[in-house]
Amino acid sequence: MPEREIEFLIVGGGDAGFAAAQKLREEGADGSILVVSRDPDPPYDRTAVSKGFLGGEKSREDVLLGGADWFDENNVELLTRTSAMKLDPEAHTVTLSNKDVIRYGKLLLATGANIRRLRFEGCDLDGIHYLRALGNADSIRKDTENVENVVLVGGSYIATEVAATLTALGRKCTIVMQEDTTLERTFGKQAGGFFQKVLEEHGVEIHGGQDVERFEGEGRVAKVVTKAGLELPADTVIVGAGVTPDVMLASRAGLTIGERGGVCTNPHLQTSDPDIYAAGDIAEYESVVHGGERIRIEHWDVAENQGKAAALSMMGREDPYDTVPYFFSDLSDWTWMEYVGPAFGWSEEIVRGSIEEGEFTVWYLDGDRVAAALTVGRSDDLERARELIKSREPVDRKELAELP
Ligand SMILES: Cc1cc2nc3c(=O)[nH]c(=O)nc-3n(C[C@H](O)[C@H](O)[C@H](O)COP(=O)(O)OP(=O)(O)OC[C@H]3O[C@@H](n4cnc5c(N)ncnc54)[C@H](O)[C@@H]3O)c2cc1C
């Protein structure tokens, strides 16, 4: 078997993997870097998949991270359509699907997440889609070109963003979800209700409190049926039912996996093996910002900043990853939200501004301290929110509602 030596091996060509490669070169690492990705495309901005790329405003080239020539220009090797099949931490080797065996100096695992598939009657009918990669967006666009009814299963950001993008393209979209209100699991009912109203005002039909029981159709999906007996006509279905971290390689290699299903790391993104690091959707990291609690977050900004922090750690630097996680989402050009936190449960919401008028900040309190904040049209509050989240100090509720 051919064996090659690589100083920095990065498994995963997503946001985290790319950010790590970029940071290594920016910081002057001159050793060999190899990025291995099972994607057919070079690293791209995954957040565009449900927005500008699905909507057709952005091309493949537009969403490539670093641009088309970044890898050549920076002397970083990229292997697409290639999977890492086996990791042997003791031998410091990774075996690839092309049979190459790579002996690494430092290894970054940035394998992201896999979509959670529904498993009930009718799930294998044609016309049922999931969305993670550019190729999925290509299929959805093609498959919804001449259809009448698109049903989105799920009430979180994938389903709501896709409903907005496809509605703006002229499709009739219906959301069916377990939650009563869209986005309520992350933002609560007040703010979730605002986003639901925006969607409904633009023509999206929404059915909350519904569990889908089966899909019906002959060959191709024609109907979505819920446990409560609701029947929705559907020519195409798009499912946004969450993801699970892709820890297959790590767990088979014996790395420690945490309670949240991710690869456990310390604040430097180092795993239970000192030469192996993890970043992005798979990392269950000890968060400095959250008082050392071990958390796992599926946000673009976290993937990018953890990729950078892991690169520094692999170069022997001492700075921990201590950025307050940031998330953004938009519903077509109708509204835009930004969020720092996250709050894993909260006891109180304080609103600044007006939810009705679509310009507000919601502060999520855990006891007397700010755990998270959501803003719509008030990005200036984000900086204060970051300070408050990081300080973990008790807050003045009046100040929060009336900040200048
Ligand atoms: C449609 C969509 C829209 C989103 N929108 C937003 C948004 O608006 N805001 C936000 O904050 N977040 C958003 N997210 C979440 C955000 O994009 C992810 O959190 C982020 O991309 C995670 O980056 P990652 O590098 O950890 O993983 P990924 O981007 O998933 O990359 C993982 C990479 O690893 C590769 N891989 C996996 N296993 C192997 C293996 N064994 N061998 C080789 N390669 C492997 C995969 O092919 C892939 O290239 C969105 C996600 C999706 C799917």
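Rg and Dmax in Å for the stretch 173-217, alpha carbons only: what are they?
Calculated on Cα positions, Rg and Dmax stand at 11.3, 37 Å.
Once you have the alpha carbon radius of gyration of the stretch 251-336, what is it after dividing by 2.2 N^0.38 Å, with N set to its residue count?
1.16
Using 0.36 nm per residue, how much length does the chain from E216 to A228 gain when fully extended, once their Cα-Cα distance is taken away?
Stretched fully, the E216-A228 segment lengthens by 2.8 nm.
Given the Cα atoms of the stretch 78-221, and with Rh set as the inverse mean 1/r over their pairs in the Kirkwood sense, what is Rg to Rh to two decimals?
My calculation puts Rg/Rh at 1.11.
With Kirkwood's inverse mean 1/r over C-alpha pairs for Rh, give me the Rg to Rh ratio of the stretch 44-85, two decimals please.
Values: Rg = 12.5 Å, Rh = 11.8 Å.
Ratio of gyration radius to Kirkwood radius: 1.07.
Which loop trypsin sites (Lys or Arg not before Pro) in the stretch 315-371, with loop taken from DSSP, have no more than 13 other Cβ atoms within 10 angstrom of their Cβ?
R317
At E359 and N146, where each label point lies 7 Å from the Cα along Cα→Cβ, what is the point-to-point distance in nanometres?
4.6 nm
Could you tell me, in Å, what Rg and Dmax come out for the Cα atoms of the chain?
21.9, 67
Which parts of the stretch 310-338 would a label at E27 reach, counting a residue when its backbone N lies under 13 Å from a point 7 Å out along Cα-to-Cβ?
310-322
Out of the GluC sites (Glu not before Pro) in the stretch 327-377, which ones are loop residues according to DSSP with at most 14 other C-beta atoms within 10 Å? Please list the in-between numbers first.
Working: sites: E338, E348, E349, E356, E357, E359; in loops: E356, E357.
In loop regions of the stretch 327-377 (DSSP not H, G, I, E or B), the sparsely surrounded GluC sites (Glu not before Pro) are E356, E357.
Calculated FRET efficiency, D380 and V288, Cβ-Cβ r, R0 22 Å, to nearest 0.05? Provide the component values of the computation, followed by the final result.
Numbers: r = 25 Å, r/R0 = 1.13.
With a Förster radius of 22 Å, E is 0.30.
From the C-alpha gyration tensor of the stretch 74-117, pull out the three semi-axes of the equivalent ellipsoid (sqrt of 5λ each), sorted largest to smallest, in whole Å.
Largest first, the stretch 74-117 gives 19, 15, 12 Å.
Let me see the P(r) profile for the stretch 272-404: every Cα-Cα distance counted, bins of 5 Å, each bin given as a percent of all pairs.
Pair shares across the bins are 2, 10, 19, 21, 17, 13, 9, 5, 2, 1, 0.
If we count every other residue with Cβ under 10 angstrom of Q196's Cβ, Lys/Arg +1 and Asp/Glu -1, where does the sum land?
Charge balance in the 10 Å sphere: -3.
For L169 and N114 in the same chain, what is the full-extension length gain: residue separation times 0.36 nm, less their Cα-Cα distance, in nm? List each step's numbers first, then the result.
Details: separation 55, 0.36 × 55 = 19.80 nm, distance 2.74 nm.
Going from the current span to full extension adds 17.1 nm.
Grab the other residues whose beta carbon is less than 15 angstrom from that of A168, score K and R as +1, D and E as -1, and report the net.
Once all neighbours under 15 Å are counted, the net charge is -2.
Taking Cα centroids, how far is the stretch 80-98 from the stretch 195-252 in Å?
With the stretch 80-98 and the stretch 195-252 each reduced to a Cα centre, they are spaced 36 Å.
Mind checking the stretch 1-66 for chymotrypsin sites (Phe, Trp or Tyr not before Pro) that DSSP puts in a loop (not H, G, I, E or B) and that have at most 14 other Cβ atoms within 10 Å?
none
Laboratory data are not the source of any read-out in this text; all were calculated from the coordinates shown. Just so it is clear, the model here is predicted, and its values are computed rather than measured. Cβ coordinates were reconstructed from backbone atoms using ideal geometry, including for glycine residues, and neighbour counts include every protein chain displayed.
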